[in-house]
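A short write-up of the structure that comes next.
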Amino acid sequence: MIKSEDLWTTIVHDVDNFEKDNDKRVAQIQINEQYRREFLGNVSHELKTPIFNIQGYIDTLRESDPDDKELSKHFLNKAAENVERLNNIVHDLIQITQYETGELRLELVHFNITETIQEIYEEVKVKAAQKKIRLQFKDGCDKIHMVKADRIKITEVLQNLILNAINYGNIGSSVSIGLYTMEKKLLVEVSDDGPGIHADHLARLFERFYRVDKHRTRSTGGTGLGLSIVKHILEAHGEQVGVRSSEGKGSTFWFTLKRPN
Ligand code: ADP
């Protein structure tokens, strides 16, 4: 037989637990709501700039002399650049939403990352040459390095880091990659001797929409989502990612990958 005192204690305990669970649920709903509002605010802000620009170029074209081919071409090119920017933002937004809702599916395969780096350097060499930036292979890049990961997603990680190093790098600077073998992992480092990043920014660098210099980075065409996508991809792999940087000297973005047994 249950004593009435025991029954009472059990009821009080259950009600207490229910209240605690409920408080947790309410707190989570509030966090989600705050997140949703911030996300929508950021997205609207990011989309507004290119849309505003496109509208401006179209209005100018409408009012200008249609026989002035040079002028028309100039404004059409500007409008096209902004359409491309819109496209990039939408592409990154779709990706980030998939990652943040856990829809990211990895296809793990064995591949040689040295080859992937060579392919990416080949793709970006024209862009680097425009800024007289040297693309260098440092430690370990002369060897085959097999890793077990999603090849397409890791290519995306490397593209993001290498393109950032080029986009934010100074004219005549250099970008280099180093590969370091650890017991079960491979450490990949993408370094540049560009402007570097002040220590105050490092902790927030991988947050979505975070930019160090908002004006400058928008002019390079960035969406502020690249590093957050990089972090999502590596976390989905169970890997680590980080950055070391010193203002005026340059930055090194690093991540680990699993080596096949
Ligand atoms: P974005 O699309 O603006 O490039 P990212 O998420 O890729 O966004 O990067 C966030 C910010 O970190 C950038 O806006 C830039 O200010 C800074 N950043 C990233 N990589 C570098 C780098 N290699 N050197 C200096 N600053 C960098």
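Filtering segment 74-85 to residues that are hydrophobic (A, V, I, L, M, F, W, C) and under 11 Å from Asn53 (Cα atoms) leaves Phe75, Ala79, Ala80, Val83.
Each row is one residue, and each column tells you yes or no for (1) charged (D, E, K, R); (2) under 22 Å from Glu247 (Cβ atoms); (3) not assigned by TED's automatic domain parsing to the domain that holds Ser251.
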site: Glu123; (1), (2), (3): yes, no, no
site: Phe137; (1), (2), (3): no, no, no
site: Gly140; (1), (2), (3): no, no, no
site: Ile144; (1), (2), (3): no, no, no
site: Arg151; (1), (2), (3): yes, no, no
site: Ser174; (1), (2), (3): no, yes, no
site: Leu179; (1), (2), (3): no, no, no
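Residues in segment 183-205: is at least one among the aliphatic types (A, V, I, L, M), in contact with a Lys or Arg (Cβ under 8 Å, 6 or more places away or on another chain) and over 26 Å from His45 (Cβ atoms)? Looking for residues that are among the aliphatic types (A, V, I, L, M), in contact with a Lys or Arg (Cβ under 8 Å, 6 or more places away or on another chain) and over 26 Å from His45 (Cβ atoms), one finds at least one in segment 183-205, hence yes. Listed residues Leu179, Leu205; which is outside any loop (DSSP other than H, G, I, E, B), aliphatic (A, V, I, L, M) and either more than 8 Å from the ligand (Cβ to nearest atom) or over 20 Å from Ile120 (Cα atoms) (or both)? Among Leu179, Leu205, only Leu179 is outside any loop (DSSP other than H, G, I, E, B), aliphatic (A, V, I, L, M) and either more than 8 Å from the ligand (Cβ to nearest atom) or over 20 Å from Ile120 (Cα atoms) (or both).
Taken as a whole, the condition of being hydroxyl-bearing (Ser, Thr, Tyr), surrounded by 10 or more Cβ atoms within 10 Å (Cβ to Cβ) and within 25 Å of Phe209 (Cα to Cα) applies to Thr49. Among the residues making up segment 219-261, those that are open to solvent by 10 Å² or more (accessible area, probe 1.4 Å), within 18 Å of Gly102 (Cβ to Cβ) and not basic (Lys, Arg) are His232, Glu235, Ala236, His237, Gly238, Glu239.
Table: residues versus (1) touching a Lys or Arg at 6+ places or on another chain (Cβ under 6 Å); (2) at positive phi; (3) open to solvent by less than 30 Å² (accessible area, probe 1.4 Å).
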| residue | (1), (2), (3) |
| --- | --- |
| Asn53 | no, no, no |
| Thr60 | no, no, no |
| Ser64 | no, no, yes |
| Asp67 | no, no, no |
| Leu76 | no, no, no |
| Glu81 | no, no, no |
| Asn88 | no, no, no |
| Phe111 | yes, no, yes |
| Thr114 | no, no, yes |
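The values are calculated or read from the model by the stated rules, or taken from the named source; none is laboratory data. What you see is a predicted model; the values in this text were computed from it and never measured. Virtual Cβ from ideal backbone geometry, glycine too; neighbours counted across all protein chains shown. The area values use the complete protein model at the heavy-atom level, side chains included, leaving out ligands, DNA and RNA. Shrake-Rupley method; radii C 1.70, N 1.55, O 1.52, S 1.80 Å.
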